[in-house]
Amino acid sequence: MDIEVRYQPTPDEVARALQQGLRRQLKVTYLALPAVLTVSGIVCLLLGTVGMGMGMLAGAIVFPFALNLAIRRTGKRQLTYLCVPTTLRLTDDGYEFHTDRTTSTVQWSMFQRIVSTPEFWLLFVNKQCTGFLPRRAFDTGQQSELDTFFTAHQNTGVS
């Protein structure tokens, strides 16, 4: 495989990629904290501590929205570095990422998991989303080749 593309991520695209990656990374937090707050809030209400119970129930409702807002804010700080013309070169060994400010080379073996979504390939190291490749940067044939490549490497435990 030897694919080279040039594209420029949009701010919304970067925000969506970060949100999808962090949602997968923080899946337990997204589910567990609201559940704990809900159960605790109900217990407080049953014990007559209405203010505390209502606060915990409100926190259970607000938490996912607050976490999404925090993710978007984090993404906005990165936009200066990410929303620039970018050249990607993908080979069997890894990929190179070039902008006017930075150049990086990453081996596929570094990634424990590569998650395919309708819009991105999300790249994970130690359960943390460390990057993404936007599908729109690649034509249909290249997307198919990459899907096959990532699936084969996932099944062999290489990436």
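Each value in this text was obtained by applying a stated rule to the coordinates, not by laboratory testing. The model shown is predicted, which means the values in this text are computed figures rather than measured ones. Cβ coordinates were reconstructed from backbone atoms using ideal geometry, including for glycine residues, and neighbour counts include every protein chain displayed.
Roughly what percent of Cα-Cα pairs across the range 19-79 reach past 13 Å?
64
Go through 130-136, 93-99, 63-69 and give me the packing order, highest mean Cβ count within 10 Å leading.
Ranking, from highest mean packing down: 130-136, 93-99, 63-69.
Can you list the HN-Hα couplings for the range 53-62, worked out from phi with the Karplus curve (6.51, -1.76, 1.60; θ = phi - 60°), rounded to whole Hz and with x for Gly and Pro?
Couplings: x, 5, x, 5, 5, 5, x, 5, 7, 7 Hz.
May I ask you to derive the relative contact order of the chain, considering only C-alpha pairs under 8 Å and at least 6 residues apart, and to give it as an integer percent?
25
Roughly how big is the chain's charge dipole about its Cα centre, with Cβ charges of +1 (Lys, Arg) and -1 (Asp, Glu), in debye to the nearest 20?
Result for the chain is approximately 780 debye, rounded to the nearest 20.
Obtain the radius of gyration and the Kirkwood radius of the range 60-159 from its C-alpha atoms and give Rg over Rh.
Looking at the range 60-159, the ratio lands at 1.00.
Calculate how steeply helix 27-46 sits against the longest principal axis of the alpha-carbon atoms of the chain, using the helix alpha-carbon long axis, and give the answer as 0 to 90 degrees to the nearest 10.
Helix 27-46 sits roughly 0 degrees off the main axis of the chain.
Mean separation of Cα pairs under 8 Å and 6+ residues apart, divided by the residue count of the range 19-79: what relative contact order is that in percent?
34
Magnitude of the Cβ-charge dipole of the range 83-159, K/R +1 and D/E -1, about the Cα centre, nearest 20 debye?
Result for the range 83-159 is approximately 280 debye, rounded to the nearest 20.
Three principal axis extents, largest first, for the C-alpha atoms of the range 1-128, in Å?
Sorted from largest, the Cα extents of the range 1-128 read 65, 28, 23 Å.
Calculated from DSSP H runs of 4 or more alone, at -39500 (n - 2.57) each and per residue, what is the 222 nm mean residue ellipticity of the chain, nearest 500?
-18500 deg cm²/dmol
Mind pulling up the Rg/Rh value for the range 43-108? Radius of gyration and Kirkwood radius, both on Cα.
We get a ratio of 1.40 for the range 43-108.
List every residue whose amide H lies under 5 Å from the amide H of R113, counting only residues 5 or more places away in sequence or on a different chain, with H placed 1.01 Å from N in the peptide plane.
When sequence neighbours closer than 5 places are left aside, the close amide H contacts are F124.
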